[in-house]
Amino acid sequence: MSDSVIIILGLISVQCCAIVFSIYSVEKAIKKSKEEMLSKIDELNKNILELEFQKNNVS
């Protein structure tokens, strides 16, 4: 193989690695956002339960 073919294959390999890393980073960011959202939902549910409990005790 000529040097130019080897260089092109090397560049393609680097691009493939960059794409895989980008996909991994996006998946990691989505997972983190999902965990944060679920945590906030849990917190809201706890607040709702506390408010319902307070409402029932006042009545």
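Assorted remarks:
- Helix-only mean residue ellipticity at 222 nm for the chain, each DSSP H run of n ≥ 4 adding -39500 (n - 2.57), per residue, nearest 500: -36000 deg cm²/dmol
- Alpha carbon convex hull of region 1-52, projected area averaged over orientations, nm²: 3.1 nm²
- Length gained when the stretch Met1-Asn45 is fully extended (0.36 nm per residue, less Cα-Cα span): 9.4 nm
Bear in mind that the values in this text are calculations on the coordinates, not laboratory data. Everything quoted here is computed from the prediction, not taken from an experiment.
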